[in-house]
Structures are given as C-alpha cells and as structure tokens.
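Below is one structure, written out as structure tokens, with a few remarks after it.
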Amino acid sequence: MNVAVIGAGAAGLAAASELIDHGHSVVVFEQSREVGGLWNYTERVEDDPLGQQPSDRIGSSLYASLRVNLPRDLMAFESHPFTAEDAPEDERYPHHRAVLSYLRRFAAATGVDRRVRFGHCVARLAPETGGGWRVDGEPFDAVAVCNGHFAHPLVPDVPGMAGFRGALLHSHNYRRPDAFAAKRVVLFGTSVSGMDLSREIAAVAHEAHLCGRLFADADATAARVADGVRRWPSVAAFDGDAVVLENGERIERVDAFVFCTGYHYRFPSLDAAIARVRDNAVQGLYRQMLPIPRTTLAFIGLPFRVVPFPVVQRQARWFARLLGGSFRLPSIAERRRELAAETAQRRSQGVPDRHTHRLQDRQFDYLNALAAQCGDAPVPTWFEELWRGHHKNAAHYAADYRERPLAARRPAGVAA
C-alpha cells in the first residue's frame, strides 16, 4: 500500500520504519526541517507564555536541563539500543540531546530519513469517497497520524486568573529557572514536569510551592516539604496576588504561577467528525488507534504514562500488518462492543474519561493484546520487570531515582 505518515517524531519514525519493513510504500510529512519532533530542543519560547494563542507555535516542550525519565535500555526501539554514540554507557537516564542523537541514527539506519518531505505542514487530510485518503490533495491508500500530543498546552480555567497580578506560564514555555530567582513561585500539577520543574526552580527561588491532587491530604498549616519544595493540595482560585487552595488555605504574595497541567489532543488537519476529542480523549477508537468505521487510518502514539518508543513501535507493527492482510479485524459491531466493554471496565475502576489514554501498568496487557492479534511476540519478561523496578524507584525516590540502581536491565544482545 501507499501510506502517508504525518510527523517525523519518534512515533512517525517508528511507523515509517515498520511500514517499510512490511513492504509498504511510505511518504513522511514533517513540518520542520529535522527528524525528532519534540526532541529538537530550542531556546525559543512562544510570545504567549500560556501557549493558548501564540503567533508562532513551538513544537518542542523540552527544558534545558531535561534528562529522560525512563532508563535508556527500556526506552529504546527493538533492535536499536542506545549506544555510546548517543551518551556514555553509564548514563542510564541521559540528557535530551542523547535522545535526539538516537532518533537521528534510527532514521538513518532504517532509511526513513530518505522518505521525509521536510517543511511540509499538512493542512488537510480527508477521506476519499471510494476509499483511501487525500493528504493536501495527494492520494494515499492509508495514513498513520503521528503528530504528537505535547504542543498545545492545556490550561484549566481557574477562577480569578484574569486578575492575577503575578506572571503566568505553562511548562511548555519553560526553559531555565533564572527568571524565578528570589521569587515566590507556585507550580500546579504533580506529574513528571511539575515534580522536576519545582525542584529546579526551588534551587533559585525564594520559595517554591507545588500544588495538585497528589497532595490532597497535605496539612496546609504545616505543608510537607521535600527537596526544598512546599507541597499543597490542588488550586481552587486566584485572588489578586494570592493562590487559594481547595482546602481554603492561601499562598500569599505569589510572583509567578506555572501550569504543569499537560496538553490537548488536537488534529488540525482532520475533520472533527473523524478525530472526535471529548474530555481530552480521542473518541471511538479501536485498540486506541483506529476510528471504528475505518481501517486505513491509525493514530499512533496516543497512550501516555507508558514506555513510548516501544509502544509506538508495536502499534505501528500492528497497523502495518493489518494493511498487509496478515490478520483480519472483527466486524464493526464487534469492535464497538469491545470498545464499550473497555470503557465500562475503566469507569468501574474509577478511571475518568480524560485518562482514556493513560495506560500505566495496563500497557503490558494492551501490548500483548496487539501482539496476539497481529502475530507479534509478547512483551518480554525483562521489559516489564525493568519498568516495574523503575516505577518503584520513581515513586519512592522522586528527587534522585535516576541515580538509583535497577536490578533488571535489557539483556545484552537481545533485539527486544
């Protein structure tokens, strides 16, 4: 088949590589001049610090000091380990420069870099009446949408925000802590970026406060302090230069407020009826990829809180084999029943719809289901053991888990 891949970040590179390996003809459309997607670090930031209506959208959300939050042997694509060419062997959680080096090597080694049309931002992706797709008017049999989901900052509507007298910023536009020197800073959001940035900012700020659901039981009159960061329950409102917490307590005289609240899923080139997003989850997808009535369009890379490179690689392999006829899908009715059952089970476990794509330890069952369906190998034991060891360290030693030993590792010489 003749297949278009939208985006040359990690997901697009994996998709193109698998499609090529399975005999498909591939064209990759990439709006920038480089492969690597968000891993192409830039000092530039947007003219809208909250990233809501910038005059020029910046594709990268990296900050200068960022190191990966997964061990490199877990993070790598199958058959393509990180090497000393990317970073020294003893750097198990290397700097973001190493990831860009790795992705460039992967693109060259697989030949994907020769299939990329750089400087092409896809404006219109539309289905054809008789089947197939048009990408800016060019016909294709199938499309893999790999445009990422870390470019459009999600900023919750907090009451009183318009009247806040301090500076407002989304972590998407954070690069270095210098601007926060000697200031009282509040960060909102307790995922990876909130944890990392709060510690970095605390090293230069007068005070650094981190707020979020994770600390809902924090005693605000004697806030828990870790690594120089004061931890508080979630934010309820702004009041002048104060931040009001959900428990009614206040943080006064705040100089700057940083949203570490994630990103929107957006697909500007696709009709909203095809890419239906509600509560920040893409609706109606079979296997987190295919719109149920369609078999030649796949969204690669939607899941989060996963090991992203191996996940997108296995998703891409599943799609490549589907297009090649290696297996058949259940009927549309059966696919709808399966999605309904998954949704009911997730809701019964108390997982909100906005976390539809948040897999965490469900990623292994998910990957093994893909593997069983398309004839791939199941997830190897070492892979899950290493992820669980890393996850335990990250939960117990948030400040220095990257320096903690891990018992499990990728066996030498294995491809997966």
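The values are calculated or read from the model by the stated rules, or taken from the named source; none is laboratory data. In this text, all values refer to a predicted model and were calculated from it rather than measured experimentally. A quick note on method: Cβ atoms are made from the backbone with ideal geometry, for glycine too, and the neighbour counts reach across all protein chains shown. Side chains included, ligands, DNA and RNA excluded: accessible areas come from the protein's heavy atoms. Shrake-Rupley method; radii C 1.70, N 1.55, O 1.52, S 1.80 Å.
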Q | Search result, residues across region 314-333 that are on the phi > 0 side of the Ramachandran plot and within 29 Å of the chain's Cα centre (by Cα) | A | none
Q.
Quick check on HIS120: is it in contact with a Ser or Thr (Cβ under 6 Å, 6 or more places away or on another chain) and either not aliphatic (A, V, I, L, M) or not in a strand (DSSP E or B) (or both)?
A. no
**Q.** Only listed residue being open to solvent by less than 40 Å² (accessible area, probe 1.4 Å), of a type in the set (Phe, Trp, Tyr), closer than 29 Å to THR381 by Cβ and out of contact with any Leu (no Cβ under 7 Å at 6 or more places or on another chain), chosen from PHE29, PHE77
**A.** PHE77
Q) Which condition does ARG114 not pass, out of (1) of a type outside the set (Val, Ile, Thr); (2) modelled with pLDDT of 95 or more; (3) under 26 Å from HIS22 (Cβ atoms); (4) assigned to a loop (DSSP other than H, G, I, E, B), if it passes all the others? A) (4)
Q. Which one of these is part of a helix (DSSP H, G or I), out of contact with any Cys (no Cβ under 8 Å at 6 or more places or on another chain), under 30 Å from ALA107 (Cβ atoms) and hydrophobic (A, V, I, L, M, F, W, C): ALA333, ALA344, ALA372?
A. ALA372
Q | First in region 257-285 and within 26 Å of SER191 (Cα to Cα), second anywhere and of a type in the set (A, V, I, L, M) and surrounded by fewer than 15 Cβ atoms within 10 Å (Cβ to Cβ), Cβ under 8 Å, 6 or more apart | A | HIS264/VAL277; TYR265/VAL277; ARG266/VAL277; PHE267/VAL277; GLN283/VAL277
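Hey, which of the strands (runs of 3 or more DSSP E) in region 152-241, taking only ones fully inside, have at least 1 residues that are on the phi < 0 side of the Ramachandran plot and surrounded by fewer than 17 Cβ atoms within 10 Å (Cβ to Cβ)? Break it down stepwise before answering.
Values: elements: 167-170, 184-188, 207-211, 224-226, 229-232, 235-239.
Counting at least 1 such residues, we get 167-170, 224-226, 235-239.
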Q) Could you say which residue among TYR93, TYR63, TYR41 is open to solvent by 10 Å² or more (accessible area, probe 1.4 Å), hydroxyl-bearing (Ser, Thr, Tyr) and closer than 21 Å to VAL306 by Cα? A) TYR63
Q. Based on what the data block shows, is ARG44 assigned to a loop (DSSP other than H, G, I, E, B) and among the basic types (Lys, Arg)?
A. yes
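Could you pull out the residue among ALA399, ALA407 that is surrounded by fewer than 18 Cβ atoms within 10 Å (Cβ to Cβ) and touching a residue at least 40 places away in the same chain (Cβ under 8 Å)?
Values: ALA407 fails: touching a residue at least 40 places away in the same chain (Cβ under 8 Å).
Checking each option against the conditions leaves just ALA399.
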Q: Test each condition in (1) closer than 22 Å to GLU128 by Cβ; (2) assigned to a loop (DSSP other than H, G, I, E, B) for PHE319 and report the one that comes out false.
A: (2)
Q | Condition check for VAL143: touching a residue at least 40 places away in the same chain (Cβ under 8 Å), among the β-branched types (Val, Ile, Thr) and over 30 Å from ALA377 (Cβ atoms) | A | no
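Identify, please: which residue in region 305-342 is farther than 19 Å from GLY23 by Cβ and free of Cβ contacts under 8 Å to residues at least 12 places away in the same chain and is, among those, most open to solvent (accessible area, probe 1.4 Å)?
ARG337
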Q. Out of all the residues in region 381-401, is one or more assigned to a loop (DSSP other than H, G, I, E, B) and over 23 Å from the mean Cα position of the chain (by Cα)?
A. no
